[in-house]
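Have a look at the structure below, then the notes.
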Amino acid sequence: MAFTPRATVSLLAAALTVLVTLNSTAAFSQQRTQERRGERAGEFDFYVLSLSWSPTFCATQGSGNRDQCGTDKNFRFVVHGLWPQYEKGYPDFCSSGEPARVPNNVGRPFMDIMPSMGLIGHQWRKHGSCTGLSQREYLAKTREAFNRIRIPDDLASGRAALTLSTDAIEEKFVAANPGMSRRGIATSCEGRRLEEVRICLTKDLRFRDCAEVDRSGCRISSVTMPPAR
């Protein structure tokens with residue numbers, strides 16, 4: 001079947017109309033979901049600071065991420081995100097007066113702890129938008145939370161692969177951080193590798209327990225921490 005130029009233009013216009021409608025419907029659906037759950041920026045119970053073991057990410061997902069996984073990079077524990085949480089569940093993608101995109105001049109000063117502008121932008125849109133903070137305030141809060149944590153020396157070195165139980169990893173963090181309890185920390189795994197350590201903090205960044213996060217931790221007997229380069 002041959003299409004005239006006018007018919008082709010009409011088809012393209014119709015396709016564009018459908019695409020715009022779908023996008024608008026998805027945005028409205030997300031907004032309505034937030035309203036049904038009562039999600040409002042700044043209304044949450046506590047934070048989770050998620051620390052990612054960078055060698056695992058680079059080995060499993062980060063082959064194209066030169067900022068974090070390039071041959072000249074040597075990251076160890078980095079921030080995946082600072083996440084506002086409810087006692088059960090969490091808010092996400094909240095309405096905010098801030099732009100969706102994080103400008104380079106705002107995000108790049110934090111790439112020593114969050115080594116990708118893509119990561120920084122995604123964390124702002126999904127989680128930071130629900131804190132009630134501005135982009136600059138959210139990233140400053142993230143650094144403050146990261147600086148609050150002492151990473152155990154033998155886990156931080158990355159000189160050689162380590163295989164440990166998840167209990168041992170959590171116990172090392174608890175021992176290195178007075179006030180932290182085993183009920184306020186959880187590990188996650190990617191296969192049999194350590195993926196993340198998740199630490200629960202109050203809004204003013206004191207350690208606290210968090211039953212739901214604790215229950216969601218990795219349950220295999222042991223995990224490996226691949227070495228850093």
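In whole percent, how big is the carbon plus sulfur part of the accessible area of region 142-229, probe 1.4 Å, protein atoms only? So the carbon and sulfur contribution to the accessible surface is 48 percent. Its convex hull of Cα atoms gives region 182-229 a direction-averaged projected area, equal to a quarter of the hull surface, of 4.2 nm². Close amide H partners of THR131, meaning residues 5 or more places away or on another chain with modelled amide H under 5 Å apart, are GLY42.
For PHE77, the residues whose amide H sits under 5 Å from its own are SER54, ignoring neighbours fewer than 5 places away on the same chain, with H placed 1.01 Å from N. The Rg/Rh ratio of region 138-201, with both radii computed over alpha carbons and Rh defined as the Kirkwood radius, is 0.96. With θ taken as phi - 60° and the Karplus curve 6.51 cos²θ - 1.76 cosθ + 1.60 applied, the whole-hertz 3J(HN,Hα) list for region 99-109 is x, 5, 8, 8, x, 4, 5, 8, x, 4, x Hz, x standing for glycine and proline.
Straightening the chain between GLU171 and ARG150 buys 6.3 nm, computed as 0.36 nm per residue apart minus the Cα-Cα spacing. What does the C-alpha gyration tensor say about the overall shape of region 90-229? Classify as rounded when a/c is under 1.5, otherwise prolate if a/b is larger than b/c, or oblate. The shape class here is prolate. Quick one: grab the alpha carbon gyration tensor of region 76-144, order the square roots of its eigenvalues as a ≥ b ≥ c, and give me rounded if a/c is under 1.5, else prolate or oblate depending on whether a/b is larger than b/c. In terms of gyration-tensor shape, oblate. Seen from LEU205, the other residues with C-beta closer than 12 Å to its C-beta sum to a net charge of +4, counting Lys and Arg as +1 and Asp and Glu as -1. Provide the net charge surrounding ALA140, with neighbours chosen by a C-beta distance below 15 Å and charges set as Lys +1, Arg +1, Asp -1, Glu -1. My count for the surroundings of ALA140 gives +1. Near the amide H of GLU190, within less than 5 Å, lie the amide hydrogens of GLU195, all on another chain or at least 5 residues away, with H placed in the peptide plane.
Which of rounded, prolate or oblate describes region 31-116 when judged by the alpha-carbon gyration tensor and an a/c cut-off of 1.5? The shape class here is prolate. Counting only aspartates and glutamates at least 8 places from LYS73 when in the same chain, those with an alpha carbon closer than 13 Å to its own are ASP112.
Between THR202 and LYS73, the simple label model (points 7 Å from Cα in the Cβ direction) yields a spacing of 3.5 nm. Computed over protein heavy atoms with a 1.4 Å probe, the accessible surface of region 39-175 works out to 46 Å² per residue. Using the Karplus relation 6.51 cos²θ - 1.76 cosθ + 1.60 with θ = phi - 60°, the per-residue 3J(HN,Hα) values for region 115-125 come to x, 6, 5, x, 5, 4, x, 5, 5, 5, 5 Hz, with x marking Gly and Pro. Calculate the length of the line joining the C-alpha centroid of region 87-104 to that of region 163-203, in whole Å. Here the two parts' Cα centres lie 26 Å apart. From most to least packed by mean Cβ count within 10 Å, the peptides 168-179, 185-196, 123-134 give 123-134, 185-196, 168-179. If you take all other residues with their beta carbon under 11 Å from the beta carbon of CYS218, and give Lys and Arg +1 and Asp and Glu -1, the sum is -1.
The values are calculated or read from the model by the stated rules, or taken from the named source; none is laboratory data. Because the structure is a prediction, the values reported are computed rather than measured. Positions of Cβ are generated from backbone atoms using ideal geometry, with glycine treated the same way; all protein chains shown enter the neighbour counts. The protein model used for the area step is the full one, side chains on, heavy atoms only, and it has no ligands, DNA or RNA in it. Shrake-Rupley method; radii C 1.70, N 1.55, O 1.52, S 1.80 Å.
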